[in-house]
Structure formats: C-alpha cells, structure tokens
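Undergrad: The structure's right below; bear with me while I get my questions together.
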Amino acid sequence: MDRVNTLIAGYRVKAARRKIYRDTVRELSALSHRELCDLGLNESEIKRVAYQAAYES
C-alpha cells in the first residue's frame with residue numbers, strides 16, 4: 001500500500017508542475033511585446049521561463 005501512496009504522491013507533484021508550466025506559458029503569452037520587454041523577456045523565452053518556474057524551483 002505504501003508503494004501506491006508513493007506513486008499517487010509522485011503523480012500529484014508531476015501534475016502540479018505541469019499546471020504551473022501551462023499557466024505560466026498562458027499568462028506570459030497573453031502579454032504584449034511591450035509588457036514582455038518591461039519584464040526583460042522576449043517571446044522566444046516564454047517556454048524557458050515557464051520551464052524554470054515549474055521544474056527548477
């Protein structure tokens with residue numbers, strides 16, 4: 001039973017990280033070019049920034 005709980009907990013962590021990634025991409029993609037520049041970002045960096053937010057923090 002402990003293995004099942006571990007698998008479920010791992011799945012929940014992965015699902016939460018995927019949600020953070022998707023939400024970050026969606027929110028940053030909704031910004032205008034000017035707003036991204038104000039944040040010091042370019043459109044080509046959106047996926048990298050989202051990945052870092054979800055998986056490297």
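The values are calculated or read from the model by the stated rules, or taken from the named source; none is laboratory data. These numbers come from a predicted model, not from an experiment. Backbone-built Cβ (ideal geometry, glycine too); neighbour counts: all protein chains shown. For accessibility, only protein heavy atoms count, side chains too; no ligands or nucleic acids. Shrake-Rupley method; radii C 1.70, N 1.55, O 1.52, S 1.80 Å.
Undergrad: Looking at the range 30-57, which of its residues are open to solvent by 90 Å² or more (accessible area, probe 1.4 Å) and either aromatic (Phe, Trp, Tyr) or in contact (Cβ under 8 Å) with a residue 60 or more places away in the chain (or both)?
TA: Tyr51
Undergrad: Contact list please: Cβ distance under 9 Å, first residue in the range 1-29 and closer than 18 Å to Ala53 by Cα, second residue open to solvent by 70 Å² or more (accessible area, probe 1.4 Å) and not in a helix (DSSP H, G or I), pairs at least six apart or on different chains.
TA: From the range 1-29, the pairs are Ile20/Ser57; Leu28/Leu39.
Undergrad: So Val4 passes all but one of these: (1) assigned to a helix (DSSP H, G or I); (2) open to solvent by less than 80 Å² (accessible area, probe 1.4 Å); (3) under 21 Å from Ser57 (Cα atoms). Which condition number does it fail?
TA: Unmet for Val4, out of (1) assigned to a helix (DSSP H, G or I); (2) open to solvent by less than 80 Å² (accessible area, probe 1.4 Å); (3) under 21 Å from Ser57 (Cα atoms): (3).
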